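Here is the structure we will look at.
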Amino acid sequence: MTRRFAIYFAPPPGSELEAFGQSWLGRDHVTGRPVERPRIEGLDADELQRLTRSAAHYGFHATLKAPFMLREGRSADELHQAADDFAKERHSFQAPPLRISRLSRWIALTLSEPSSAMDRLAADCIGAFEPFRAPLTEDDIARRRQSGLTPRQDAQLLAYGYPYIFEDFHFHMTLAGPLDPEDQEPTLELLRDRASKLEAASLPVDAIAIYEQPDRDRPFIQTGRFPFRAP
């Protein structure tokens, strides 16, 4: 079985943020259908697809609990019910505005300042949905270790299946990458120009979403969105 699930932050349906992300990546993360992409002077369609191929595969999102296969004896229906129960016990909140940032060889939307509420949401998702996660394979562990983990990150990988959690969590919505050095600055400036309106307002965090991947060769799609309670 290679079917995987993930717990993500997804932009509010119909929001300017959702429209921006889906247009830039060229894919609707709910239906899986293609979305018309922006026409950008000096950047043809093939080049834009190359820059965004990896990000589009995962869908427009920010990771709260990284992709995992289901533990034996657990079902997708149980996972969806757990997500619904989790969301009903939380209140929506406003996170700081977004900004375009370079993260190593990637370009992403990140928070413009720290958010304890966002950090707490991510940490709570790690614990709440850990009972559904199947153990990593040896190949998965070896692949993650190739990125050069700290001792703490390696311990988190073994305990929770993903190294960048708790103190190592950084909210980000990937837009492009991995990029060659010559592509990094032009892509960063291009996205800063196109996303300037998104940087003016706080980010509403009003739900979590489950994204599902039938197998590792096919992209993730959103199969459930679970609203929080009003503040």
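The values are calculated or read from the model by the stated rules, or taken from the named source; none is laboratory data. What you are looking at is a predicted structure, and each value in this text was computed from that prediction instead of being measured. For neighbour counting, all protein chains shown are included, and Cβ atoms are generated from backbone atoms with ideal geometry for every residue, glycine included.
The figures follow:
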item: Candidate set from the stretch 1-58 (those that are of a type in the set (S, T, N, Q) and part of a helix (DSSP H, G or I)); member that is surrounded by the most Cβ atoms within 10 Å (Cβ to Cβ); result: Q22
item: Y58 within 15 Å of T174 (Cα to Cα), out of contact with any Gly (no Cβ under 9 Å at 6 or more places or on another chain) and either touching a residue at least 60 places away in the same chain (Cβ under 8 Å) or hydroxyl-bearing (S, T, Y) (or both); result: yes
item: Test: residue in the stretch 162-171 that is exposed (fewer than 11 other Cβ atoms within 10 Å of the Cβ), assigned to a helix (DSSP H, G or I) and not acidic (D, E); result: no
item: Qualifying residue in the stretch 180-200 (condition: assigned to a loop (DSSP other than H, G, I, E, B) and in contact with a strand residue (DSSP E or B) (Cβ under 6 Å, 6 or more places away or on another chain)); result: yes
item: Residue within the stretch 176-199 that is touching a Pro at 6+ places or on another chain (Cβ under 6 Å), at pLDDT below 95 and either surrounded by fewer than 19 Cβ atoms within 10 Å (Cβ to Cβ) or not charged (D, E, K, R) (or both) present; result: yes
item: Residue that is surrounded by the fewest Cβ atoms within 10 Å (Cβ to Cβ), among those in the stretch 202-228 that are among the charged types (D, E, K, R) and outside any loop (DSSP other than H, G, I, E, B); result: R225
item: Residue within the stretch 121-140 that is part of a strand (DSSP E or B), within 18 Å of the chain's Cα centre (by Cα) and surrounded by 14 or more Cβ atoms within 10 Å (Cβ to Cβ) present; result: yes
